[in-house]
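The values are calculated or read from the model by the stated rules, or taken from the named source; none is laboratory data. Small disclaimer: the values here were computed from a predicted structure and weren't measured. These area figures cover heavy atoms from the full protein model, side chains too; ligands, DNA and RNA do not enter into them. Shrake-Rupley method; radii C 1.70, N 1.55, O 1.52, S 1.80 Å.
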Amino acid sequence: MTCRRSEALAFSLVTEINHAMAKLVDIWDSIGIMEDQRVERMQTVKKHIDGLLHSMIKEEEALRHCIKTNIITSQKQLDTLCLELGLEPYKLEEDLTVLQMEKNLQCRVESLLKEKNERLRELSDLKKQDEELCVTLCATPYYIPSGSVPSRTQLQELQEHVKKLGNEKESRVKVFSGLRQDIRSLMDEMGHEPESSLERESICPDSDIFLLTHDNIKALKLLLNHYTEELLSLHDNELLRMKAFYEAAQPILEDLEKWKRNWALFQEFERKAVDPNRFSNRGGSLLKESKDRAKVQKLLPKLEEELRSRVEVWEKNQGTFLVQGQRIMNYIYSQWEEHRLQKDKEKNERMTKITETSQFKTPTKRALGSTYTTPTPNKIKKMPNMLAPRTATVSSTSSASSSSGSSTTFVCVPGRPQLSAKVKTICLGHSKLNSTLKCSLMQISFSFYCCRFSKKKNIYC
């Protein structure tokens, strides 16, 4: 069909040329051009047609040569690719035109070039991973000749090799992390600073600098074992040292513990001394409290002096003796100073409260012309068997007072009410005092005894 169309076009081309030449002849006839001039003009037309056809033929021959050259080049390139990729040589089909041969060869070359580039890219990625893992694990990289294109089999083997190294790295990292944590804990417990490069690298936060070789892992295990044995030895030595220290310092520690107990009792007595409800106690608790307080106040200085003597001897022979980061006497002084500051603070708070309260009180107005007089107590002659209305001397009948054999004197300030509204007079020789009067007398006597003059026998209001 194609041949017929081309032949028809060639026949029509000849016909067109014949028609064109006939028209030229008619024009020349009408013009009256002579034969010689017609021949000349015919030669010019022929020259143009011959030149055009020659030029077209030349271009088509060049195209045919180019196609043949491309076929040869593509065939050579295709043979090289097949050799590099480990493929069988490509064979063209028979009875193909030049254009078909060129097209088939070019398509095959493009396909093999794409596969080559994919293999090289995959090889580059796998080799990069393989090199990193081999450096970390000190392993041997998978060998593929440089400059060659790997086969599919080689790429698969390399991929399996990289996967195996990755699993090995994960396993070693897990072992290394456990060893590093144990070594770091033991170093902290022993107070040991890293000395060798292995010790520094094993506890370095950047774990990538440590090579996860079999030898390094083995060295870490040996180091851990060494630390474990050394730590056990240190613990034993420290235990012996602490036992020896405790035996040597036992007298000081016991005295210090005794001082702490009495110091706690002293602070408790100090808190009770400012408690307004303490006078409501019954059964001689105030007397017992005052005796215990005096005992503690007398014992604390003795204990402090004994501690000072013991510590001086200790520090002269064995060095500074510290308690809670302080020397013992500095510690005791700080406790007393803290107690003093607390007492000053409480006193200031009470004074501030009294001042604030007094600002809101309104003074009482007296009548014009009236004067304030202090009532003069009635003069009553003291009888041997009677008490003065405002001064009384009572012999204590309590067990504590009996043991001391001393009497207690109470002096009433003028203007104060009677000790008991119910009892007006009490006979000195009476064996039993009224219970109400007795409680009042005891409360007043011991309150002043504890707060002001604890070392005196006679108490004055």
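Brief remarks follow.
- Computed on region 5-118, with alpha-carbon pairs under 8 angstrom and 6+ residues apart, the relative contact order is 21 percent.
- Accessible surface for region 5-118, divided over its residues, is 80 Å² per residue with a 1.4 Å probe.
- Note on Phe321: accessible area approximately 10 square angstrom, rounded to 10, probe 1.4 Å, nucleic acids and ligands left out.
- Share of carbon and sulfur in the accessible area of region 52-196 stands at 52%, probe radius 1.4 Å.
- Carbon plus sulfur fraction of accessible area for region 210-312, probe 1.4 Å, in percent: 56 percent
- Tensor-based shape of region 5-118 (alpha-carbon gyration tensor, a/c under 1.5 rounded, otherwise prolate or oblate): prolate
- Solvent-accessible surface (1.4 angstrom probe) belonging to Ser146, in square angstrom, nearest 10: 110 Å²
- Alpha-carbon centroids, region 1-74 and region 143-175: separation in whole Å: 69 Å
- For region 299-343: rounded, prolate or oblate by the Cα gyration tensor [a/c cutoff 1.5]: oblate
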